[in-house]
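Inspection log for the structure reproduced underneath, given as structure tokens.
The values are calculated or read from the model by the stated rules, or taken from the named source; none is laboratory data. If you're wondering where the values come from, they're calculated on a predicted model, not measured in any experiment. Using ideal geometry, Cβ is built from the backbone for each residue, glycine included, and neighbour counts are taken over all protein chains shown.
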Amino acid sequence: MSTTQGRLAGKIAIITGAGGGFGEGIAKLFAAEGAKVGVLDLRADAAERVAAEIGLNAVALAADVTSREQMEQAIAKMTATFGIADIFVNNAGWTHKNKPMLDVSEEEFDRVYAINVKSIYHITNIIVPLMRKIGGGSIINIGSVAGIRPRPGLTWYNSTKGAVNILSQSMAVELAPDKIRVNAICPVMGETGLLEAFMGQPDTPENRAKFVATIPMGRMSRPEDIARASLYLASDEAEFITGVLLPVDGGRTV
């Protein structure tokens, strides 16, 4: 689809953690709907692969979301290539393995907070002043149903997603006068590279079935589910929607 067509025609978007999983799905759908896309990932090879598969309307941005300096450099590269992003998706995330809360090391605790929460602090401080210059934008944070209806064994991870969910709502209220919308998508457990860590056991059909049994619609989330929800929230169709926590969970939180 050309950039003169589509629901995101004329838009410029950056997606973190876009070298695979949910982020890759979001980046590819956004590009298909007309956006210029920054494919940001810690893994340079993964970012380059996805950007190459998208084509001329994408640029690979290799950066660690926990580093303010690296994020400033990546966003500057995006701005120089396509212009200031009016859509930013904070998708990059990590989890400690599913295990008793007292077994999670301080190093694991610090890492999950650095990637899932502090990264949004760094990125907000960089991107909000830029969005103010262009008169607004849309920030989408990928939270989780874990921050709404937590499972045991992921306590510290759950708490990071609770933080993402509430900070999204608080950002929405504070940035509304700037016409910067902030929403959170809350996926249920998904078919991504973090699946085994979430389950805390090998990814076998039998083990998957135990978790799928807790999801009323009978399956895990998929990249295309999260991408479609992100597309709506990023588009002008959602121009009056901010501060929403949108579960994409097949009924898990009901």
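When the residues of the range 77-123 are narrowed to those that are part of a loop (DSSP other than H, G, I, E, B) and polar (S, T, N, Q), which ends up surrounded by the most Cβ atoms within 10 Å (Cβ to Cβ)? Give the steps one after another, and end with the answer.
Within the range 77-123, the subset part of a loop (DSSP other than H, G, I, E, B) is 82-86, 91-100, 104-105.
Narrowing further to those that are polar (S, T, N, Q): 91, 95, 98, 105.
Values: 91: 26, 95: 22, 98: 17, 105: 9.
Top of the filtered list is 91.
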Next item on the list: Enumerate the pairs (first residue in the range 91-114 and closer than 18 Å to residue 186 by Cα; second residue anywhere and of a type outside the set (Lys, Arg) and assigned to a loop (DSSP other than H, G, I, E, B)) with beta-carbon separation below 6 Å, excluding pairs fewer than 6 apart on the same chain, so at least 6 apart or on different chains.
Entry: 91/17; 92/17; 92/65; 95/194; 112/94; 112/96
Checklist line | Failed item in (1) modelled with pLDDT under 95; (2) in a helix (DSSP H, G or I); (3) within 19 Å of the chain's Cα centre (by Cα), with residue 193 passing the rest | finding: (2)
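Just checking, does the range 228-236 include any residue being among the basic types (Lys, Arg), surrounded by fewer than 21 Cβ atoms within 10 Å (Cβ to Cβ), touching a helix residue (DSSP H, G or I) at 6+ places or on another chain (Cβ under 9 Å) and touching a residue at least 12 places away in the same chain (Cβ under 8 Å)? Quick ask: steps written out before the conclusion?
Of the residues in the range 228-236, the ones among the basic types (Lys, Arg) are 228.
The next check asks that each one be surrounded by fewer than 21 Cβ atoms within 10 Å (Cβ to Cβ); those that pass are 228.
In the following step, the residues that additionally are touching a helix residue (DSSP H, G or I) at 6+ places or on another chain (Cβ under 9 Å) were identified as 228.
Of the ones still in play, those that are also touching a residue at least 12 places away in the same chain (Cβ under 8 Å) are 228.
The answer is yes, given that some residue of the range 228-236 is among the basic types (Lys, Arg), surrounded by fewer than 21 Cβ atoms within 10 Å (Cβ to Cβ), touching a helix residue (DSSP H, G or I) at 6+ places or on another chain (Cβ under 9 Å) and touching a residue at least 12 places away in the same chain (Cβ under 8 Å).
For the range 180-226, which positions are hydroxyl-bearing (Ser, Thr, Tyr) and surrounded by fewer than 16 Cβ atoms within 10 Å (Cβ to Cβ)? If you could, list the steps in order and put the result at the bottom.
In the first step, residues of the range 180-226 are kept if they are hydroxyl-bearing (Ser, Thr, Tyr); the result is 192, 204, 214, 221.
Passing the criteria: 204, 214.
How many residues are out of contact with any Gly (no Cβ under 8 Å at 6 or more places or on another chain) and closer than 17 Å to residue 83 by Cβ if we restrict to the range 109-129?
Initially, the range 109-129 is screened for residues out of contact with any Gly (no Cβ under 8 Å at 6 or more places or on another chain), giving 109-114, 117-126, 128-129.
Next, from what is left, pick out any that are closer than 17 Å to residue 83 by Cβ: 126, 128-129.
Adding up the residues that qualify gives 3.
Kindly indicate which of 53, 69 is among the charged types (D, E, K, R) and either in contact with a helix residue (DSSP H, G or I) (Cβ under 6 Å, 6 or more places away or on another chain) or touching a residue at least 24 places away in the same chain (Cβ under 8 Å) (or both).
Values: 69 fails: either in contact with a helix residue (DSSP H, G or I) (Cβ under 6 Å, 6 or more places away or on another chain) or touching a residue at least 24 places away in the same chain (Cβ under 8 Å) (or both).
Exactly one residue qualifies, and that residue is 53.
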Margin query: With the requirement that a residue be in contact with an Asp or Glu (Cβ under 9 Å, 6 or more places away or on another chain) and not small (Gly, Ala, Ser), what does the range 1-21 give you?
Written below: 1, 5, 7, 8, 11, 12, 15, 16
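Of all residues in the range 138-163, which are within 16 Å of the chain's Cα centre (by Cα) and of a type outside the set (Ser, Thr, Tyr)?
139, 140, 141, 142, 143, 145, 146, 147, 158, 161, 162, 163
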Item checked: Inter-residue pairs, beta-carbon under 9 Å, first in contact (Cβ under 8 Å) with a residue 24 or more places away in the chain and in the range 204-222, second in a helix (DSSP H, G or I) and charged (D, E, K, R), 6+ apart -> 220/208
Next item on the list: Count, please, the residues in the range 132-165 that happen to be touching an Asp or Glu at 6+ places or on another chain (Cβ under 7 Å), surrounded by 24 or more Cβ atoms within 10 Å (Cβ to Cβ) and assigned to a helix (DSSP H, G or I).
Entry: 1
Item checked: Any hit, the range 16-29, residues being within 14 Å of the chain's Cα centre (by Cα) and in a strand (DSSP E or B) -> yes
Check: Only one of (1) buried (at least 19 other Cβ atoms within 10 Å of the Cβ); (2) free of Cβ contacts under 8 Å to residues at least 40 places away in the same chain; (3) not in a loop (DSSP other than H, G, I, E, B) is not met by residue 45, so which one is it?
Finding: (1)
Note to self: Of everything in the range 55-72, what is surrounded by 21 or more Cβ atoms within 10 Å (Cβ to Cβ) and farther than 20 Å from residue 93 by Cα? Give them in sequence order.
What the structure shows: 58, 59
